[in-house]
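K.L.:
Structure provided below as structure tokens; questions to follow.
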Amino acid sequence: MKASIYMAFHTPSPVVASASIIPIHVGRAVADAPLDGMIGDETGATLSPYNGAYSELTALYWAWKNDTDATHVGLMHYRRLLDFSGTHPSPAAEVWPEAVRLDDYAAATETWLQRNAEIDLVLPVAHRMPMTVDENYADQHDPRDLDFVEARMARVSPAYLEDFRAVRAGRELLLANVFLARREIVDGYCCWAFDLLEALRTTDIPRPHVSPYNARYLGFVAERLFTTFMRKYLRDHPETRVERVNILNLGRSLVVPFARGARFNDGAVNVAFTSDRPYLPQTAAMVASLIEHAAPDREYNLFYLHENIGDRDLDLLRSLAVAHGNITLHTINVGTAFSREYRARHHTPSNATYNRFLLFDLLPDVERLVYLDVDLVLCGDVAELFDTDMNDAPLAAVTDALMTRVLATRVRTRDPEVPDLYAYLSDDLGLSDDQISRYFNAGVMVMNFAAMDVAKVGRELREMVAGNRYFFRDQDILNVYFRDRFVTLPSRFNVHNSDRGAYDNVPVPIRNDALAAKADPFIVHFAAAHQKPWREPDVEFAGLFWSTLARTPFWFEVLEATRRHRSLRARLSRPDTWKHGVVIAGRRLGRRFPALTPWLLRIYRWALGRFHWIN
């Protein structure tokens, strides 16, 4: 067997390629620019100029006419793969895997092809509809298409008419025009189908108000023709060795890698960030501030790792960059890969912060990347941060000044598992006093992938996550992993909006540096849970956040949530209101009667372990 399975692309997407899987840019003849790392369908015998109507079928036509060497020809496309090796068996035609590693898929597919060299035909599992195929087409498309095809079929290939009518009246369809077949089967199908499709394309059925979706009408008609052809072919050739497999729909999957090659290493600024839906408004504010300060003569690639955020919300986020041709926003759905990992009591329910550990697999060929938390606002061009001189250091970040308090005073936490923060940092994490004095905040980092074994680092960081209990989650892991192997950035690159009084117990040199940076912040980070302007009415730099958020589509959403949060009825119904009240009352009582402080802390820790609502 010499198989050529053409994988159709019309937009930049994760690419799978192997000896038998060939990426092809469809519609390249009318594209603004060619897609990197693949052939195009515009050479030789071609229908590329008509890709808007044919969709992925211009790849099939090109393969049929121009690939004369393959014994087997197949078609897949960037969001739908054939599950040759049966890794996701299902009675349904399509399955949505949680994650797909493209290198593993390619290797498994090559192995399957070698072991099944005598196969004649690979088809997708038939999709069963709740209505007839005819009713389905009439509901979503122009019913005149199928009527025209049937009339022409009656004239030029009447042997298929009975099967075509049966398909129209039935409920089963072979979806997506994906398959693999011997050359002679492909020749028979393409000769028959493209005659009908070209006749339909050139007929005078008016389409003055066609939508972009229905502009691809020939692709939809082809699904009905393919189902018809295979129904008749398998009845006429019962000896055919056929395999039915599922379609892997990657629309909701974490696909690794997201991109290959050096196309992001040409001087462009690469920035990554991650969130779930609740933090999408803050993400928008951060992106708006980044765009505001971006240089117009430099390219910026923004990689947004999101957790199953819907298309409409993503379109609203993308709208921020529409008018900026030098800024490209890549949205990458990573699902909830770390949802089951440990979360300390004081943390939000989401573990999206761990998603940064997926960057090593998603972008393995990128040489440098800035990582930003989404609860921050930029006051300068992120390119300045990206261009930091790091020599061979793998990472650069800013010292977390408030964490260094443990060197000057005892810092207790409200989590009974971590009663003393210094003991946790020194004993559990194994950090020395010098390393604690340089403990960095992971919300702003420059990641020098060129100085790392990217695959090894990513694997080891994810192994540290699995089954372990880190109080500050990914931040602790990064400080442990990169201890003594990072560059400390100036404090202005990550200025926290914490009250100035919070720095009273920070060692003097670190305190003075952190407070001085507040006068000239490059980045303002709303890091502390009780210093978020969308939760608290009066925090430092709140005006900067609100004025930035006001330039996004999400301003009113946050404002309404804030109003609801501040109404008396809403506040009394929230467990954190009562928790806050308990904490404030305990602090005031402890200040008035210092001797009671140890007992109050013991009571509070006991309550944390006993009452769910206080956590």
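The values are calculated or read from the model by the stated rules, or taken from the named source; none is laboratory data. All figures in this text were calculated on a predicted structure; none of them were measured in a lab. Note that each Cβ is placed from the backbone with ideal geometry, even for glycine, and that neighbours are counted across all protein chains shown. To get the accessible areas, we keep the full protein, side chains included, count just its heavy atoms, and leave off ligands, DNA and RNA. Shrake-Rupley method; radii C 1.70, N 1.55, O 1.52, S 1.80 Å.
K.L.:
If I compute solvent accessible area with a 1.4 Å probe over the protein chains, what percent of it on segment 1-94 is carbon and sulfur? Intermediate values should be presented prior to the final figure.
P.N.:
Numbers: 1890 of 3700 Å².
Solvent-exposed carbon and sulfur of segment 1-94 make up 51 percent of the total.
K.L.:
Another question, if that's okay. Given a 1.4 Å probe, how much area per residue of segment 406-500 is accessible, in Å²?
P.N.:
On a per-residue basis, segment 406-500 sits at 40 Å².
K.L.:
Okay, next question. For segment 23-34, just list the computed ³J(HN,Hα) in residue order, Karplus coefficients 6.51, -1.76 and 1.60, θ = phi - 60°, integers in Hz, with x standing in for Gly and Pro.
P.N.:
x, 9, 7, 8, x, 4, 4, 10, 7, 5, 7, x
K.L.:
For segment 321-459, just the Cα atoms, rotate onto the principal axes and tell me the three extents in Å, largest first.
P.N.:
Over segment 321-459, Cα extents along the principal axes are 51, 35, 34 Å.
K.L.:
If amide H atoms are built 1.01 Å from N in the plane of the peptide, which residues on other chains or at least 5 residues away come under 5 Å of the amide H of Leu395?
P.N.:
Amide H neighbours of Leu395, under 5 Å, 5+ apart: Asn448, Val487.
K.L.:
I'd like the carbon and sulfur percentage of the solvent accessible area for segment 398-528, probe radius 1.4 Å, heavy atoms only, ligands and nucleic acids excluded.
P.N.:
Details: 2430 of 5170 Å².
Summing carbon and sulfur atoms, their accessible area is 47 percent of the total for segment 398-528.
K.L.:
With labels modelled as points extended 7 Å from the Cα through the Cβ direction, what inter-label distance (nm, one decimal) is found for Ala159 paired with Thr388?
P.N.:
7.0
K.L.:
Here's a follow-up. What would the Debye formula give as log10 I(q)/I(0) at q = 0.10 Å⁻¹ for the alpha-carbon point model of segment 109-256, no solvent?
P.N.:
Once normalised to I(0) and log-transformed, intensities are -0.39.
K.L.:
While we're looking at this one, here's another question. Could you bin all the Cα-Cα distances of segment 490-553 into 5 Å bins starting at 0 and give me the percent of pairs in each, rounded to whole numbers?
P.N.:
Computed distribution, short to long bins: 3, 18, 25, 25, 17, 7, 3, 1, 0.
K.L.:
Please report the antiparallel percentage of the DSSP beta bridges confined to segment 3-249, to the nearest 5. All intermediate terms of the calculation are to be shown ahead of the outcome.
P.N.:
Working: 12 of 31 bridges.
Close to 40 percent.
K.L.:
Related question: Would you tally the net charge around Met452, using a Cβ to Cβ cut-off of less than 13 Å, leaving Met452 out, and scoring K and R as +1, D and E as -1? Could you put the intermediate results ahead of the total?
P.N.:
Working: positive: Arg368, Lys456, Arg459, Arg485; negative: Asp361, Asp365, Glu367, Asp392, Asp453, Glu460.
Taking every other residue near Met452 into account, the sum is -2.
K.L.:
With the alpha-carbon atoms as the only input, what is the per residue convex hull volume for segment 3-249 in Å³?
P.N.:
Looking at segment 3-249, the number lands at 130 Å³ per residue.
K.L.:
Around Val100, which amide H atoms from residues at least 5 apart in sequence, or from another chain, sit under 5 Å from its own amide H, with H modelled in the peptide plane?
P.N.:
Leu254, Val255, Val256
K.L.:
Taking just the C-alpha trace of segment 43-82, give me its Rg and Dmax in Å.
P.N.:
10.7, 29
K.L.:
Follow-up question, since we're still on this one. Is there a quick way to get the dipole size of segment 3-249? I mean about its Cα centre, with the Cβ of Lys and Arg at +1 and of Asp and Glu at -1; what is the value in debye to the nearest 20? Don't jump to the answer; show the numbers that get you there.
P.N.:
Details: 24 positive and 34 negative charges, 70 e Å.
Taking the Cα centre of segment 3-249 as origin, the dipole is about 340 debye.
K.L.:
Please find the FRET efficiency linking Thr202 to Arg235, where r is the Cβ-Cβ separation and R0 is fixed at 41 Å, and quote it to the nearest 0.05. Don't skip to the answer; put the middle values down first.
P.N.:
Details: r = 31 Å, r/R0 = 0.76.
The pair Thr202/Arg235 has a calculated efficiency of 0.85.
K.L.:
Something else now. Measure of size requested: the Rg and Dmax of segment 426-542, with Cα atoms as the atom set and Å as the unit; please supply both.
P.N.:
Just the Cα atoms of segment 426-542 yield Rg and Dmax of 15.9, 45 Å.
K.L.:
With no solvent and one point per C-alpha, what does the Debye sum give as log10 I(q)/I(0) for the chain at q = 0.07 Å⁻¹?
P.N.:
For the chain, the Cα-only Debye profile gives -0.56.
K.L.:
List, in order, the whole-Hz ³J(HN,Hα) value for each residue of segment 265-270 obtained from phi through the Karplus relation with A = 6.51, B = -1.76, C = 1.60 and θ = phi - 60°; use x for Gly and Pro.
P.N.:
Per residue, the Karplus-derived 3J(HN,Hα) values read 10, 9, x, 6, 8, 9 Hz.
K.L.:
While we're on this one: Compute the distance in nm between two label points, each set 7 Å from the Cα along the Cα-to-Cβ direction, one at Arg587 and one at Ala45.
P.N.:
So the label points at Arg587 and Ala45 sit 7.8 nm apart.
K.L.:
Going by amide H atoms built from the backbone, whose H comes under 5 Å of the H on Gly335, apart from near neighbours?
P.N.:
Under 5 Å from the amide H of Gly335: Asn308.
K.L.:
How much accessible area per residue does segment 3-249 have, counting only protein heavy atoms and a probe of 1.4 Å, in square angstrom?
P.N.:
43
K.L.:
In the chain, what % of DSSP beta bridges are antiparallel (nearest 5)? Write out the running numbers ahead of the final one.
P.N.:
Details: 24 of 67 bridges.
Counting DSSP beta bridges with both partners in the chain, the antiparallel share is about 35 percent.
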